[in-house]
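The next block holds one structure in the form of structure tokens; read it before the comments.
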Amino acid sequence: MKVESCARQRQIVLRHCRDEGLAYCEADWGPTVNRCSAAWAEDHRGEAEVTVHLTFEVLGPLVLGDFGPECIRVSKGAQVTFTTDGGDFSMCSLVGGVVGSPDPGSPFASPTTGGTLRAVTLAATGTFPYYCAEGAAAAGAVIVDP
């Protein structure tokens with residue numbers, strides 16, 4: 001519980017740094033991608049399966065998505081499952097890449113444009129960012145360690 005609340009607080013700070021364009025954030029916490037830093041990712045290494053929830057908030061004609069946890073660290077071979085709470089991927093297509101730049105080499109390369117579940121087994125190490133095509137506020141990354 002304490003680790004999750006600390007990870008969430010870090011995400012709030014990173015989001016503030018990004019929104020304000022504060023250069024010292026990267027100097028203090030290392031490079032970030034989609035507001036994620038390896039030092040601040042929620043640690044799930046050693047777990048065979050990890051779930052990332054996509055929740056929705058409807059504000060009139062706007063639908064805002066938010067991934068939680070946004071940034072995770074897993075071991076090679078782990079399965080990461082994205083699931084939606086209160087909607088489906090037609091409201092927020094899951095795309096692999098840095099916000100606004102789809103990555104055809106990403107394990108999340110094929111956009112998820114419908115349904116409520118997407119599971120991906122990560123066979124390679126590296127940092128794999130993802131985002132919601134309809135709203136750049138929903139973004140994150142999966143860091144895969146050996």
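The values are calculated or read from the model by the stated rules, or taken from the named source; none is laboratory data. Values in this document were obtained by computation on a predicted structure and should not be read as measured data. Because the Cβ atoms are built from the backbone with ideal geometry, glycine has one as well, and the counts that use them run over all protein chains shown.
Which ones in the stretch 88-111 are among the polar types (S, T, N, Q) and either more than 14 Å from the chain's Cα centre (by Cα) or more than 28 Å from residue 61 (Cβ to Cβ) (or both)? Give the derivation first.
Within the stretch 88-111, the first condition is being among the polar types (S, T, N, Q), and the residues that meet it are 90, 93, 101, 106, 110.
90, 101, 106, 110, listed by residue number.
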Problem - Filter pass, residue 92 being hydrophobic (A, V, I, L, M, F, W, C), over 13 Å from residue 132 (Cα atoms) and surrounded by 18 or more Cβ atoms within 10 Å (Cβ to Cβ) - result: no
Problem - Verdict on residue 55 being part of a strand (DSSP E or B), at pLDDT 85 or above, touching a strand residue (DSSP E or B) at 6+ places or on another chain (Cβ under 6 Å) and surrounded by fewer than 20 Cβ atoms within 10 Å (Cβ to Cβ) - result: yes
Practice task
Please state which of the following conditions residue 122 fails to meet, knowing it meets all the rest: (1) closer than 18 Å to residue 42 by Cβ; (2) buried (at least 22 other Cβ atoms within 10 Å of the Cβ); (3) modelled with pLDDT of 90 or more.
Solution key: (2)
